[in-house]
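Encoded as structure tokens, the structure appears first; notes follow it.
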Amino acid sequence: MLKIAYYPGCSGQGTSLEYDSSTRAVCKALGVELVDVPDWSCCGSTPAHTVNHVLSSALSARNLAQVEVMGMDKVTTPCPSCLTNLRTAAHKMEDPEFKAKSNALLDVPCNNTVDAQSVLQVLAENVDPELIKSKVVKPLTGIKIACYYGCIMNRPPEVMKFDHHENPMAMDNLMALLGAEVVPFPLKVECCGASYGIPRGDIVHKLSGKLLDAGRDVGADAFVTACPLCQMNLDLRQRQINDALRENFRIPVFYYTQLLGYALGIDRAELGFEKLCVDPRLALGRIKQPAQAM
Amino acid sequence: MSYGESLYQFGASVRGGGVSKRSIRYIASPGTSFQSTGRFAVPYRKLGMPMQIFDLATADQGFIAEVEARSHQNVKTCYQCGNCTAGCPYTFAYDYSVSQIMRLVQTGQKDAVLKSRSIWLCGSCQSCTTRCPNKIDVALVMDVCRHMSREAGYATERSVKVFADSFLASVERHGRAYELGLMASYMTRSGRVFTDVDLAPQVLMRGKLPFKPHPIQGREQVARIFERFRKGGKNA
Amino acid sequence: MRIGVFICHCGSNIAGTVDCPSVAATALKYPDVVFSTDTMYACSEPGQDAIIQAVKEKNLDGVVVASCTPRMHEQTFRRAVERAGLNRYMFEMANIREHVSWIGKTKDLNTGKASELVRMAVEKLRRNRPLTAKRFETTKRVLVIGGGVAGIQAALDCADGGQEVVLVEREQSIGGKMAKLDKTFPTVDCSSCVLGPKMVDIAQHPKITLYTCSEVESVGGYVGNFQVTVRRKATYVDWTKCTGCGLCVEKCPSRKHPDPFNENLCNAPSINIPFPQAIPKKAAINPVSCLMLTKGKCGACAKVCPVKCIDFEQKDELVTVDVGAIVVATGYDLFDWHKYPQYGEGRYKDVITSMQYERLLSASGPTGGHVKRPSDGKEPKNVVFIQCVGSRDKSVNRPYCSGFCCMYTAKQAILTKDHIPDSQSYVFYMDIRSPGKLYDEFTRRAMEEYGAQYVRGRVAMIYPKGDKLIVRGADTLAGTQVEVPADLVVLAVGAEAAKGAVQLGEKLRVAPDQYGFFVESHPKLKPVETNTAGVFLAGACQGPKDIPASVGQGSAAAAKVLGLLSKAMLESDPAVSRVNPARCVGCGKCIQTCPFGAIKEVQDRFGNPKAEVIDTVCQGCGICTVTCPQGAIQLEHFTDNQILAEVNALCPPKMFANYE
């Protein structure tokens, strides 16, 4: 059984509770043991790196150091924003001068020995697709899905080192494996407006609106994302977007772990569909019930 | 399409089937005003503001050198192809496009850069960095300009700065971001007390915002990061 | 020995930062120097006369000139020394311009350095000995590799100049890239109409032998006497009988293989004549797709062929030709645009290359000259051209400008308007590069008369929306982002080195540059020569070039060949390696390391193996001399003693340091 340090990220405690719980559930079901990083703290997210790179690095490095204390060399997080900060910190700390500056802010210095990966990458690279296929009890046959990866999970490729920076396929492949019809969504890596929802809602309305429009264009019943911020902008703010753009989008936005959990037959309570703002029942209803054989 | 006059309009050739003489669409030109709830959808610079004349001879060489040193990028390698601007999703909200910011840095126009709105609105989505033919980390240059702008005491896009400040204050206090507290703090500091109140019922009903922060044992450690940063790390 | 030293001012080039009279005065103290002077321009006629006069009057038997690089004037001075009655190898040159005056600013330091370089030259000259070149005959025949427009021109000019020519072409027909083009800029005349007659001339010229479907297998020998083996690939058609009637092409049932001549826009039959003007107009079978050759059943072509020329048993054939000179005209390939994932990596059918667009415009193309987009066959109205795809882009390792894309894009924009009057073209460009006769006027016409909308900026992404492709780019002149809903997107792909160029270069001993283009001997003054004597370059194999430049180079290379072969005898450079048989132990290491195959194994009279240098093949590179564990090989004119004397002059051994 693969054992790996787990960094849930702050939003997993609040706005994306369902992402955290479904991630834990699917990992367990697929034989990936997540060990929480003890007493983890915030990575600093976008605000930190917009203020200062050393501060941002130190906030992330504290957590990398916590992983080192666990005696592990790999940490996984569901959140691409956390992932970017952890990986960027590690990338910048390859410069010894920078590393010294960053460590000067910390109680416990970070040796920079930990590799951070997204949960998606861990699942894509460490779990045999045949195993997933064999565990599917409710195939997603009948639902049309647009996979939206967000802007920073694969970019810049020199830092993120996973999948493709213009046309990532990890979620597409996973969803197809589960039996869903994956529609060719052209704006997989376009920005949704990121953390500007609060200070500049208009920006998010425009950018996320464009994504919803493109999703509707390709006939998607639902979006699948791997990012709490993307999910929040597309789902929670969908009504705001409709008001702002005089639109009437009603496209549910799932975390990929929710649909993966659904297909694996995991208890609905752990998947948190009820936490989604746009009612997912119509979309879920498109999934054909498996034949009553066996 | 039902965006009215919004920027999603693709010209007559798409809508009517006929061919317009010119179906190219200028994202931020004055003719295509953005009529959503957006407050500053049309670039400020273009709202009848007179042009600014730059004196190239007085280019601030120190500024160019500082941006290059802090970003580890050679801005002279930029040949102004505009690929960053072409990919940037935020262009519609900017006062200077990304490639123009790069140009202003190249020509040492410190004031214009540090006072610009664009550097505050960059979402660090890495589109520019990923596609730059000269392999310049453009998003990093934007980031560094924002740092310098902040240090110089500017905050042209004040709400963005206030949000970042509120977020970091929350992290400093609790060790983790406490979303509800962050919202309250942001509303107080920015004076925009009605921000996203429309979302409150949805969020609270679904239990998405816990009423209490999750304090962690190491929060003093985190607080000390900020403390040390303020003491000496400013120019780090 | 009596040595004369001449210190050149080169106007102010050297004298500006070097005290030339002082260097001359210092030189007079060096051993064996009996005469020393400074001169304004040593290379000028009076300058050379002064050298000759000094040799005669002072009875000199060696001359040192301190001036510019030997690449510039070594030949000049060697000839002058020869006119004065000395052996041309009793001359040495010290480079005090590129190595001193141009790179240092401090006059006294420069003067000291110049004096030391002169001292080195004197010490070497003291150990020089007269050398005499060997003379040999040449084969009066030329090999031209590549049947594009550059190779065609070179072949015709050589043949018209009286030499026999063997033209080798990899594809089934000659014509190269130009044969695929619809029109040419800036005259907009029909490409195949202007090229066709030249292709016919190739076929009919009594002095030209044409091998198509053929590649150079190996090259041996040296200037004047190359032996080249050519592999003539099996076409499965007996070309001595084939009349090019085309019946087999019509009847072939296997048509599922893409047609490379039409840039894979359509499929081709497995037995095919690539285009109507093909030379030679003969059919050939594609062994990858032919049913008979892959599955063993069919043979429809053999049944219909009126002259019974189909031969499924045909094998590759090796032909050896002796030639005196070789012209390389292997052309270029188009950049693989799939390296730009933001342009869809092939997911969008209506994103095509400029060469594919040429085929859509061409009357002999897959759509008969009616522009129809690949996805649904509709006539496009909004056509977007994206320039610099694979040019001027460090991120894809193509930092160079391909040079011709600006022009062909303007041409295609003009042709688009001609073909579809209610269309609108958009051209995304970074800079317009049109420095040729009538070129800039041509691009202006595209904008002013044909209304092409030129937008200065790159394109960041293309994505589909309905049946349109949204092209998102920048207009850096307006300072903002722009979007165009396109029906068709044409990528102006740049040029890169032809596939296989590096391997061919190895056979010919012609070095490729870092991008795979062949390196000329001198970028300004020897543009069609290579560093291997007798091998010349023409066209885009040396670097991206348009048609007029390629044709010009084809003729230039032919002039070089004709000049070379017009001599009854050639002289070989005597600065070659010499084996001392007494020291040689016959280990063979030199044979392995020699990059030119210039050393062979022989047996002495006791039957012991010994190395022997083939004078005419040796290029004097010196690798063997440092390889030989016995020190048995010395390079004439650059012996160990000569080089060590130079080193000692520069840094005297300690025990002699104060021994002035």
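The values are calculated or read from the model by the stated rules, or taken from the named source; none is laboratory data. Quantities reported herein were computed from a predicted structural model and do not represent experimental measurements. Every residue, glycine as well, gets a Cβ built from its backbone with ideal geometry; the counts of neighbours run over all protein chains shown.
Here is a yes/no grid of residues against (1) within 25 Å of B:Ser118 (Cα to Cα); (2) of a type outside the set (A, V, I, L, M, F, W, C); (3) buried (at least 17 other Cβ atoms within 10 Å of the Cβ); (4) not assigned by TED's automatic domain parsing to the domain that holds B:Leu121:
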site	(1), (2), (3), (4)
B:Met142	yes, no, yes, no
B:Ser166	yes, yes, yes, yes
B:Gly181	no, yes, yes, yes
B:Ser185	yes, yes, yes, yes
B:Arg189	yes, yes, no, yes
B:Ala200	no, no, no, yes
B:Leu204	no, no, no, yes
B:Lys208	no, yes, yes, yes
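For region B:178-200, which residues satisfy the criterion of being within 10 Å of another protein chain (Cβ to nearest Cβ) and assigned to a helix (DSSP H, G or I)? Walk me through how you get there before you give the answer.
Taking region B:178-200 and keeping what is within 10 Å of another protein chain (Cβ to nearest Cβ), we get B:178-180, B:182-183, B:186-187, B:190, B:192, B:195-196, B:198-199.
Listed by number, the residues that qualify are B:Glu179, B:Leu180, B:Leu182, B:Met183, B:Tyr186, B:Met187, B:Ser190, B:Asp198, B:Leu199.
Pick out the one residue from C:Gly597, C:Gly554 that is modelled with pLDDT of 95 or more and either closer than 25 Å to C:Val230 by Cα or in the same structural domain as C:Gly344 (by TED's automatic domain parsing) (or both).
C:Gly554
Quick one: which of C:Gln542, C:Gln503 is crowded, with 24+ Cβ neighbours inside 10 Å, free of Cβ contacts under 8 Å to residues at least 60 places away in the same chain and out of contact with any Ser or Thr (no Cβ under 7 Å at 6 or more places or on another chain)?
C:Gln542
Of the residues in region A:99-120, how many are surrounded by 17 or more Cβ atoms within 10 Å (Cβ to Cβ), more than 14 Å from every other protein chain (Cβ to nearest Cβ) and in contact with a helix residue (DSSP H, G or I) (Cβ under 7 Å, 6 or more places away or on another chain)?
Total meeting the criteria: 6.
Looking at (1) among the aromatic types (Phe, Trp, Tyr); (2) modelled with pLDDT under 95; (3) closer than 19 Å to C:Gly539 by Cα, which is the only condition C:Phe185 fails?
Of (1) among the aromatic types (Phe, Trp, Tyr); (2) modelled with pLDDT under 95; (3) closer than 19 Å to C:Gly539 by Cα, only one is false for C:Phe185: (2).
If you take the residues of region B:66-76 that are under 23 Å from A:His91 (Cα atoms) and either surrounded by fewer than 14 Cβ atoms within 10 Å (Cβ to Cβ) or free of Cβ contacts under 8 Å to residues at least 12 places away in the same chain (or both), which of them is nearest to the other protein chains (Cβ to nearest Cβ)?
Restricting to residues being under 23 Å from A:His91 (Cα atoms) and either surrounded by fewer than 14 Cβ atoms within 10 Å (Cβ to Cβ) or free of Cβ contacts under 8 Å to residues at least 12 places away in the same chain (or both), the top hit is B:His72.
Kindly provide the set of residues from region C:457-474 that are more than 7 Å from chain B (Cβ to nearest Cβ) and part of a strand (DSSP E or B), ordered by number.
The answer is C:Ile462, C:Tyr463, C:Pro464, C:Lys465, C:Leu469, C:Ile470, C:Val471.
Need the failing condition index for C:Thr353 against (1) surrounded by fewer than 18 Cβ atoms within 10 Å (Cβ to Cβ); (2) closer than 20 Å to C:Asn262 by Cα, just the number.
Condition (1) is where C:Thr353 drops out.
If you check every pair at least six apart or on different chains, which have Cβ atoms under 7 Å apart with a residue in region A:202-213 that is within 7 Å of chain B (Cβ to nearest Cβ) first and a residue that is polar (S, T, N, Q) second?
Hits for this filter: A:Asp202/B:Ser36; A:Asp202/B:Thr37; A:His205/A:Gln240; A:His205/B:Ser36; A:His205/B:Thr37; A:Lys206/B:Ser36.
Consider region C:341-373. How many of its residues are within 13 Å of another protein chain (Cβ to nearest Cβ), in a loop (DSSP other than H, G, I, E, B) and of a type outside the set (Ser, Thr, Tyr)?
Of the residues in that region, 5 qualify.
Quick one: in region C:427-456, of everything that is closer than 26 Å to B:Ile101 by Cβ and part of a loop (DSSP other than H, G, I, E, B), which residue is farthest from the other protein chains (Cβ to nearest Cβ)?
The extreme case among them is C:Ile432.
Hand me the list of helices (runs of 4 or more DSSP H) wholly inside region A:38-132 holding 2 or more residues that are in contact (Cβ under 8 Å) with a residue 60 or more places away in the chain, under 22 Å from B:Glu151 (Cα atoms) and outside the structural domain of A:Ala170 (by TED's automatic domain parsing). Explain how you work it out, then say what you get.
Values: elements: A:45-51, A:53-70, A:80-92, A:96-104, A:119-126.
Counting at least 2 such residues, we get A:45-51.
Could you please give the count of residues in region C:383-417 that are within 11 Å of chain B (Cβ to nearest Cβ), surrounded by 21 or more Cβ atoms within 10 Å (Cβ to Cβ) and in contact with a Pro (Cβ under 6 Å, 6 or more places away or on another chain)?
1
State which residue is surrounded by the most Cβ atoms within 10 Å (Cβ to Cβ) when the search covers only region C:215-239 and only residues that are on the phi < 0 side of the Ramachandran plot, part of a loop (DSSP other than H, G, I, E, B) and at pLDDT 95 or above.
C:Thr235
Are there any pairs with C-beta distances below 8 angstrom linking a residue in region C:242-257 that is within 13 Å of C:Pro280 (Cβ to Cβ) to a residue that is among the acidic types (Asp, Glu) and surrounded by 15 or more Cβ atoms within 10 Å (Cβ to Cβ), with the two at least 6 apart or on different chains, and if so which?
none
Identify all residues within region A:4-37 that are more than 14 Å from chain B (Cβ to nearest Cβ) and without any contact (Cβ under 8 Å) to a residue 60 or more places away in the chain; write none if there are none.
Correct list: A:Lys28, A:Glu33, A:Leu34, A:Val35.
Quick one: would you say B:Val222 is without any contact (Cβ under 8 Å) to a residue 40 or more places away in the chain, within 10 Å of chain A (Cβ to nearest Cβ) and buried (at least 19 other Cβ atoms within 10 Å of the Cβ)?
The answer is no for B:Val222.
Hand me the list of helices (runs of 4 or more DSSP H) wholly inside region B:117-176 holding 2 or more residues that are at the interface with another protein chain (Cβ under 7 Å from one of its Cβ atoms), more than 17 Å from B:Gly82 (Cα to Cα) and β-branched (Val, Ile, Thr).
In region B:117-176, B:158-174 are the helices (runs of 4 or more DSSP H) which contain 2 or more residues that are at the interface with another protein chain (Cβ under 7 Å from one of its Cβ atoms), more than 17 Å from B:Gly82 (Cα to Cα) and β-branched (Val, Ile, Thr).
Just to verify a result, which residue in region B:208-219, among those that are facing chain A (nearest Cβ under 7 Å) and not charged (D, E, K, R), is nearest to A:Arg62 (Cα to Cα)? Outline the logic, then answer.
Here is the first cut: in region B:208-219, the ones facing chain A (nearest Cβ under 7 Å) are B:208-210, B:214, B:216-218.
Okay, now just the ones that are also not charged (D, E, K, R), so B:209-210, B:214, B:216-218.
Numbers: B:Leu209: 25, B:Pro210: 25, B:His214: 18, B:Ile216: 13, B:Gln217: 13, B:Gly218: 10 Å.
The extreme case among them is B:Gly218.
Is it fair to say A:Met93 is more than 14 Å from chain C (Cβ to nearest Cβ), at pLDDT 95 or above and surrounded by fewer than 24 Cβ atoms within 10 Å (Cβ to Cβ)?
So A:Met93 fits the description; yes.
Is it fair to say C:Gly494 is at positive phi, in contact with a helix residue (DSSP H, G or I) (Cβ under 8 Å, 6 or more places away or on another chain), buried (at least 17 other Cβ atoms within 10 Å of the Cβ) and not aromatic (Phe, Trp, Tyr)?
Spelling it out, it is not the case that C:Gly494 is at positive phi, in contact with a helix residue (DSSP H, G or I) (Cβ under 8 Å, 6 or more places away or on another chain), buried (at least 17 other Cβ atoms within 10 Å of the Cβ) and not aromatic (Phe, Trp, Tyr).
Restricting the search to region B:87-107, which residues are polar (S, T, N, Q) and either within 9 Å of chain C (Cβ to nearest Cβ) or closer than 19 Å to A:Arg155 by Cβ (or both)? Break it down stepwise before answering.
Residues of region B:87-107 polar (S, T, N, Q): B:91, B:97, B:99-100, B:106-107.
B:Thr91, B:Ser97, B:Ser99, B:Gln100 - these are the residues of region B:87-107 that are polar (S, T, N, Q) and either within 9 Å of chain C (Cβ to nearest Cβ) or closer than 19 Å to A:Arg155 by Cβ (or both).
Considering only region C:603-620, state which residues are assigned to a loop (DSSP other than H, G, I, E, B) and surrounded by 14 or more Cβ atoms within 10 Å (Cβ to Cβ).
Listed by number, the residues that qualify are C:Ile614, C:Asp615, C:Thr616, C:Val617, C:Cys618, C:Gln619, C:Gly620.
Between a residue in region A:235-258 that is within 11 Å of A:Lys206 (Cα to Cα) and more than 7 Å from chain B (Cβ to nearest Cβ) and any residue that is among the polar types (S, T, N, Q) and part of a helix (DSSP H, G or I), which pairs come within a Cβ distance under 6 Å, given they are 6 or more apart or on different chains?
The qualifying pairs are A:Ile241/A:Ser208.
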